[in-house]
Amino acid sequence: MAKQASRTLVHGSDDKYQHLFADTLDGMLVFDAETMKVVLANKAAADIAGVDFPAKMLGVDIVKSLSEGNGDRLAALLATALRKEQSPVVGDVRIATKDGREIWVNAICKKIDYQGRVAGLVALREVTDRKRAEERLLASQERNRLLIENANEGIVVIQDE
């Protein structure tokens, strides 16, 4: 199916969309709903996944290849998207890349019809820096809360308007 998908994209009626899919800065994947195997991927998806080029992603199980045993959240996100008819499903997911990194991605998943079969379209954007900043902010807020709750003296906060 992967070779057929590639031929159709390159030589079929979808020529006008080939560059949109291939050249977008977000990682884009299409996976077969029955097998959960990737049938189409762009360069940005390969970069996010830590592989040399998109063809290395074709035919691999999307959950197993991106999760390294931590795929519950990703599997749930994809399953929810495949049950919905209209709205995309969005969520942040931690993935393990083939080059050994552990990163966060924002995944937007949508059920689609691809070559007459039920499939899923996934857009991926790395958000590791944002997630780390959120974690630091939460830790700082918790530290400040503990300082205030355990202070021996009274604390007054004055806000200048």
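Ignoring everything but the protein chains, give the 1.4 Å probe accessible area of M28 in square angstrom, nearest 10.
Answer for M28: close to 30 Å² accessible.
Could you derive backbone 3J(HN,Hα) for the stretch 146-161 from the dihedral phi with the Karplus parameters 6.51, -1.76 and 1.60 (θ = phi - 60°), listing whole Hz in sequence and x where the residue is Gly or Pro?
Here the 3J(HN,Hα) series is 5, 4, 5, 5, 9, 5, 7, 10, x, 10, 10, 10, 10, 9, 8, 9 Hz.
Mind listing the Cα extents of the chain along all three principal axes, in Å, largest one first?
74, 34, 27
So how do T35, T128 rank on accessible area, 1.4 Å probe, biggest first, that is with the largest at the start? Present the calculation step by step, with values, prior to reporting the outcome.
Working: T35 65, T128 10 Å².
Ranked list, largest accessible area first: T35, T128.
Using a 1.4 angstrom probe with every protein chain in place, what is the largest-first accessible-area order of F21, F31? Each step should come with its number before you reach the end.
Numbers: F21 35, F31 5 Å².
So the residues, ranked largest to smallest area, are F21, F31.
Which order do K64, K84 take when ranked by solvent-accessible area (1.4 Å probe, heavy atoms of all protein chains), largest first? The partial results should precede the final answer.
Details: K64 150, K84 85 Å².
Final ranking, largest accessible area leading: K64, K84.
Using the Karplus curve 6.51 cos²θ - 1.76 cosθ + 1.60 with θ = phi - 60°, work out ³J(HN,Hα) for each residue of the stretch 79-86 in order, rounded to whole Hz, and write x for Gly and Pro.
Once θ is set to phi - 60°, the couplings for the stretch 79-86 become 4, 4, 4, 6, 7, 8, 8, 10 Hz.
Per residue, how much accessible area does the chain show when a 1.4 Å probe rolls over the protein heavy atoms, in square angstrom? Mind dumping the intermediate values first?
Working: 10260 Å² over 161 residues.
Computed with neighbouring chains in place, this is 64 Å² per residue.
What are the ³J(HN,Hα) values, in whole Hz, obtained from phi via the Karplus relation 6.51 cos²θ - 1.76 cosθ + 1.60 with θ = phi - 60°, for each residue of the stretch 112-119 in sequence order, with x given for Gly and Pro?
Karplus-based 3J(HN,Hα) across the stretch 112-119 equals 9, 9, 10, 6, x, 10, 6, 9 Hz.
Would you tell me the accessible area of I155, worked out with a 1.4 angstrom probe on the heavy atoms of the protein chains, in Å² to the nearest 10?
90
Ignoring ligands, DNA and RNA, what percent of the 1.4 Å accessible area of the chain is carbon and sulfur?
Details: 5340 of 10260 Å².
Of all accessible area on the chain, carbon and sulfur atoms account for 52 percent.
So who's got an amide H within less than 5 Å of the one on N42, skipping anything under 5 residues away but keeping other chains? H placed 1.01 Å off N, in plane.
Long-range HN contacts for N42: M28.
Would you mind telling me which residue in Q18, Q115, Q141 has the biggest mean-square fluctuation in a Gaussian network model of the chain, where springs connect alpha carbons within a distance under 10 angstrom?
Largest GNM mean-square fluctuation: Q141.
What residues qualify as long-range amide H neighbours of G50, i.e. H under 5 Å apart, gap of 5 or more or another chain, H built at 1.01 Å from N?
Amide H to amide H, under 5 Å and 5 or more residues apart or across chains, G50 pairs with K98.
On C-alpha positions alone, give me the angle between the axis of helix 2-11 and the longest principal axis of the chain, in degrees, nearest 10.
With rounding to tens, the tilt is 80 degrees.
The values are calculated or read from the model by the stated rules, or taken from the named source; none is laboratory data. Just so it is clear, the structure is predicted and the values come from calculations on it, not from any experiment. With ligands, DNA and RNA removed, areas are computed over all heavy atoms of the protein, side chains included. Shrake-Rupley method; radii C 1.70, N 1.55, O 1.52, S 1.80 Å.
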